[in-house]
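**Q** Would you mind keeping the following structure in view while I ask a few things?
The values are calculated or read from the model by the stated rules, or taken from the named source; none is laboratory data. Remember, it's a predicted structure, so these values are computed and weren't measured experimentally. In this analysis, Cβ positions are derived from the backbone assuming ideal geometry, glycine residues included, and neighbour counts consider all displayed protein chains. Side chains included, ligands, DNA and RNA excluded: accessible areas come from the protein's heavy atoms. Shrake-Rupley method; radii C 1.70, N 1.55, O 1.52, S 1.80 Å.
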Amino acid sequence: MRELPWPAKVYLVTVVGVAGVLIGRGLVVPDRLGEHHWPTLLVLALLFLVCESVPTLLNVEQAAMSVSFSAALAAVVLVGDVGAALVGATAVLSVRPGLPLHKRLFNGAQFAICGYAAGWVFEWLGGAQDVPSVDRFTDLLGPFMGAAAVFVPLNAVLFTVMLSLAGQLHLDEVPLRGIAQFLVSYLGYATFGLLIAGLWATVQSISAVLVLLPLFIARWAFGQYLAQQRSYDATIAALCQAVETKDYYTRGHCTRVSSASTMIAQEIGMGPERMRAIGYAGMLHDVGKLGVPTKVLQKDGRLTEEEYAAIQLHPMRGLEIVRGIDFLDEAFAGIMHHHERQDGKGYPMGLAGAEIPEFARIIAVADAFDSMTSDRAYRKAKSIDEAIAELRKQSGTQFDPVMVCAFVKAVDRRGWDPPGKMPAPKADEIVETVAKDHDDPTAPIEVVSER
């Protein structure tokens, strides 16, 4: 708990305190939790604990999700709000290895609060706290969906606030559409709770065992999806590292262009799948440099027309390199056309205005901005204000005005962390540097005619 910032500590204590008050208050109320409910509660608590102990890791640092809340929602129907709170509180006993005490306390407290709130809503909507009879099962649907509609968003809010206060998540970086999809998927898993409650009338505690299989299949499917995403990220990172070995001064450039591109995409309201694709495109926009001779990239002075043509072909080379990577999808257009210009004087196809794919227009702004705000072999980095002034100056000629405006707004709201000063290379390190940066709009490459 020592590593938590003080706002997160205050929040943790508050959440745990509220959960304790709700459970304690419910237990002292007569007949709120009858003796006949305890066997059911113990079975549901065991099911909850099993699911909570084997969660699926998320892409957020030190965060995970489980489908244990299905047991808590079943408890809402079978043992009421206090019982659901007690079931959720068993998250404190999770056997997940390496989970510190403060995380156990928070998990148990937030599940207890969600369970209690869902149980209250269930009862308020007319739901009966008991084992449902077969002929009255349809009466559960409305109250249960209301309970789930409270449990799932409340759980997400409590969890997100903690991540934000702990510095593990920035709320302005979370796409609203992605949140909506996440909540819908959780609501889908919540129906397992209704299945448990419905089966309880006929097979009682065996229903928990019957539901374990689809619950763990759902967990496995989600884990496979995240593992696939991580493998995609690893593939992109390896290609990006290969590109950056060709120029000492562009180390980290691909990652920063990806970040800036995502900022623009979020500002213009792009959906989560396309945002992931634009992030990949930003990482790989210069992969075609692998097909450009190093002697051309490192040449000091003017380039011949043939040498300049080799540089102009690097977007096409990049497309050839990554064409077989199916998951890149729309990223191909960004890699191919990020050096096109609004006035039609770019390369490789000489597209203009709306002819240029949206991904390419985004990357062009992000690419130029990072180039200007980074150290290069031939100059020091420009300030953020200078780089933004240059983007505005070239808006409408080289860059899409809409994308420039979106990026400026994103930087004003979220800021930008420019790369630090490049450390001196080690004595045994082979350093390759590019004489001129083809991404820098303030230092265009000069070409000498061979005629």
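**Q** Determine, yes or no, whether Tyr280 is out of contact with any Asp or Glu (no Cβ under 8 Å at 6 or more places or on another chain) and surrounded by 24 or more Cβ atoms within 10 Å (Cβ to Cβ).
**A** yes
**Q** So, one more: Could you tell me whether the stretch 38-55 includes any residue that is at pLDDT below 85 and either exposed (fewer than 15 other Cβ atoms within 10 Å of the Cβ) or outside the structural domain of Phe151 (by TED's automatic domain parsing) (or both)?
**A** Yes.
**Q** If Met403 satisfies all but one of (1) of a type outside the set (Gly, Ala, Ser); (2) in a loop (DSSP other than H, G, I, E, B); (3) at pLDDT 95 or above, what's the number of the condition it fails?
**A** That leaves (2) as the condition not met.
**Q** Tally time: how many residues in the stretch 283-306 are in a helix (DSSP H, G or I), open to solvent by less than 50 Å² (accessible area, probe 1.4 Å) and touching a residue at least 24 places away in the same chain (Cβ under 8 Å)?
**A** Residues meeting the conditions: 8.
**Q** Criterion first (part of a helix (DSSP H, G or I) and touching a residue at least 12 places away in the same chain (Cβ under 8 Å)) does Ala381 satisfy it?
**A** Spelling it out, it is not the case that Ala381 is part of a helix (DSSP H, G or I) and touching a residue at least 12 places away in the same chain (Cβ under 8 Å).
**Q** Please go through the stretch 131-154 and pick out each residue that is part of a helix (DSSP H, G or I) and open to solvent by 60 Å² or more (accessible area, probe 1.4 Å).
**A** Within the stretch 131-154, Val134, Asp135, Arg136, Phe137, Thr138, Asp139, Leu141, Met145 meet the criteria.
**Q** Let me ask something additional. Yes or no: the stretch 65-81 includes at least one residue that is touching a Gly at 6+ places or on another chain (Cβ under 9 Å), open to solvent by less than 40 Å² (accessible area, probe 1.4 Å), at pLDDT 85 or above and of a type outside the set (A, V, I, L, M).
**A** yes
**Q** Just to check your reading of the model, which residue among Asp343, Asp370, Asp375 is acidic (Asp, Glu) and touching a His at 6+ places or on another chain (Cβ under 8 Å)?
**A** Asp370
**Q** Oh, and also: Return the pair list, or none, for Cβ contacts closer than 6 Å from residues in the stretch 103-130 that are assigned to a helix (DSSP H, G or I) to residues that are charged (D, E, K, R), at least 6 apart or on different chains.
**A** Tyr116/Asp81; Gly119/Asp81; Trp120/Asp81
**Q** Just need a number here: residues in the stretch 384-411 that are of a type outside the set (Val, Ile, Thr) and open to solvent by 50 Å² or more (accessible area, probe 1.4 Å).
**A** Of the residues in the stretch 384-411, 8 are of a type outside the set (Val, Ile, Thr) and open to solvent by 50 Å² or more (accessible area, probe 1.4 Å).
**Q** Follow-up. If a residue must be outside any loop (DSSP other than H, G, I, E, B), open to solvent by 10 Å² or more (accessible area, probe 1.4 Å) and either among the hydroxyl-bearing types (Ser, Thr, Tyr) or farther than 25 Å from His337 by Cα (or both), how many such residues does the stretch 363-378 contain?
**A** The number of residues fulfilling the criteria is 0.
**Q** Hey, can you tell me all the residues within the stretch 308-331 that are buried (at least 20 other Cβ atoms within 10 Å of the Cβ) and touching a Pro at 6+ places or on another chain (Cβ under 9 Å)?
**A** His314, Pro315, listed by residue number.
**Q** Quick check on my filter: what residues within the stretch 90-112 are closer than 19 Å to Ala190 by Cβ and over 28 Å from the mean Cα position of the chain (by Cα)?
**A** Passing the criteria: only Thr90.
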